[in-house]
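This report concerns only the one structure given below.
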Amino acid sequence: MPIVSLKSSSDPASDVARQSLVGLLLTSVHHVYGAYIYTTPWRYHVLFITGPAALVIAGSLALFHARAAGLPNTLARWLLALTALVVPVLLFGVFEGFYNHVLKDVLYFAGASAEQMTRLFPPPRYEMPDDALFEITGVLQVVPAALAARHLYGMVAGRRTERAARQSAPVRQPAHSEEEARAAS
């Protein structure tokens, strides 16, 4: 399966992890590039977030796939889900990708006033669009985040559906002896 794909595999947890890791890698490249072109070494801080988040996501997926029974499997599933939701989806997809780049670029190119842009995106934390690669990689962070969110929903909703099906399944009665079967008929 391609790294970034709209199609789901039969394993939603792997889909969540794959899209999350793509988002973390893209965010890392985007910030390292930004640190270089804008001479803002503080942008490297993102590596202290993306690196550990990637390790947690990969590790929890591995534990989840180890099919550990009971609590370890449940903890691995929730650790994967929460880490994916908070870091690549909300922090880097919604805030960094959507607010910091999509919204900023839309307002900038729509002709928002310099005063309004400075109020919403104060320097030196924000740069007005002047580098295509920086802005494109910033905007693109939304894509793997949205795909991870979609797969995350499938992973959580699918688990809920599985649990409900198990709880509503009829309880199998033990097989009766031949004598009981004849007496019942």
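Some values worked out for this structure:
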{"read-out": "HN-Hα J in Hz across the range 21-26 - Karplus 6.51, -1.76, 1.60, θ = phi - 60°, x for Gly and Pro", "value": "5, 4, x, 5, 5, 4"}
{"read-out": "Whole-Hz couplings from phi, Karplus 6.51/-1.76/1.60, listed for the range 122-130; x for Gly and Pro", "value": "x, x, x, 4, 10, 10, 6, x, 8"}
{"read-out": "Packing rank of 75-82, 18-25, where each peptide gets the mean count of other beta carbons within 10 Å, highest leading", "value": "18-25, 75-82"}
{"read-out": "Under 14 Å from the Ala66 label point (7 Å along Cα→beta-carbon), backbone N, the range 77-108", "value": "77"}
{"read-out": "Neighbourhood charge, 13 Å Cβ-Cβ cut-off, centred on Ala84 and excluding it, Lys, Arg +1 and Asp, Glu -1", "value": "+2"}
{"read-out": "Most positive-pole-ward Cα, Tyr126, His65, Ala114, against dipole of the range 12-162 from beta carbon charges", "value": "His65"}
{"read-out": "Translational diffusion of the range 10-151, µm² s⁻¹ [Kirkwood Rh, Cα pairs; Stokes-Einstein; 4 °C; 1.567 mPa s]", "value": "81 µm²/s"}
{"read-out": "Relative contact order (%) - the range 33-120, alpha-carbon pairs under 8 angstrom, separation at least six", "value": "18 percent"}
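No value in this document is a laboratory result; all are computed from the given coordinates. Since we're looking at a predicted model, the values are computed, not measured. Reconstructed Cβ throughout: ideal geometry from the backbone, glycine too, with neighbour counts over all protein chains shown.
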